[in-house]
1. Give me the net charge for the shell around ILE125: Cβ to Cβ below 14 angstrom, other residues only, Lys and Arg +1, Asp and Glu -1.
2. Step by step: find N for region 37-103, compute 2.2 N^0.38 Å, then divide the Cα radius of gyration by it. What's the final number?
3. Starting from the exponent 0.38 and prefactor 2.2 Å, build the expected Rg for region 101-141 from its residue count and divide its actual Cα Rg by it.
4. Can you pick out the pairs among LYS32/LYS96; LYS32/LYS82; LYS32/LYS89 whose Cα atoms lie more than 26 Å from each other?
5. Quick check on region 82-161: take the gyration tensor over C-alpha atoms, sort the square-rooted eigenvalues as a ≥ b ≥ c, and tell me if it's rounded (a/c under 1.5), prolate or oblate.
6. Ordering LYS96, LYS38 by how much accessible area each has at a 1.4 Å probe, largest first, what is the list?
7. What does the accessible area of PHE172 come to, in Å² to the nearest 10, when a probe of 1.4 Å is used?
8. Which order do TYR52, TYR140 take by accessible area at a 1.4 Å probe, largest first?
Amino acid sequence: MHRAVSRLKDPFLGRGESLDSASAGLAAMQGKDPMRAKLALAQTLEPLAPEYDMVLIDCPPGDEMLQTNAVAAARWALVPVKSDKASRKGLSAVAKRLDAVIDVNPDLDLLGVVLVDVGRGATRIEREARQQISDLFGGYADITLTATIRHSEATAQAARERGLLVPELDEFVQNGPKWFEIRRGQAEAATLAPRTATNVADDLQAITEEIVSRITLSENAAVSEQA
């Protein structure tokens, strides 16, 4: 593929007001043509997908129409969840979204659950969350990815303020002035450039590697079954 990583620029795939408009439009369409409303995103992506190695759909929480469209268009679903009870409870709603599109997307599979916003020292809380998530999925212990994404409000805020992905923010930090240069007065500290961006970027790298590994195993298993 000539474009391994890119950001799709399409009003339907935007954020903020564009997503609000999309959700409202899909809700209106649902009353007239439920199947068309369910497959709207899949049909939008179909002519674009061959140009990409992978298309990632980042779906906002709580919006039923957008979530349904996302899983109707997806091959795999990856669910981020915090360790608190309320967040884990939301997994049940996600499971219903998956079941709701099996009729139009029978190949959809749950790739796994990712624990996010995790405190580095909260090992007991993380262990309990993993067990409860496993119980929710019938005792499937490997449903939760090994890698997690740590909590860093400073990094999250900086990424939003600058409009950057965390790896892009990390690159900005790495290329910025060193602490000793700032202390000597040789450079000014870069605003909104937290050092924790590197740690979060490392977490995301570990998550990415595990996701690729799971997808590869799934695809290899499918090929073996067909042989």
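1. That works out to +4.
2. My calculation over the Cα atoms of region 37-103 gives 1.18.
3. With N residues counted in region 101-141, Rg over 2.2 N^0.38 Å equals 1.54.
4. With Cα atoms farther than 26 Å apart: LYS32/LYS82; LYS32/LYS89.
5. oblate
6. Of LYS96, LYS38, the descending order of accessible area is LYS96, LYS38.
7. 80 Å²
8. TYR140, TYR52
The values are calculated or read from the model by the stated rules, or taken from the named source; none is laboratory data. Every value quoted in this text rests on a predicted model; they were computed, and no experiment measured them. Note that we place each Cβ from the backbone using ideal geometry, even for glycine, and neighbour counts take in every protein chain shown. The accessibility values were calculated without ligands, DNA or RNA, using every heavy atom of the protein model including side chains. Shrake-Rupley method; radii C 1.70, N 1.55, O 1.52, S 1.80 Å.
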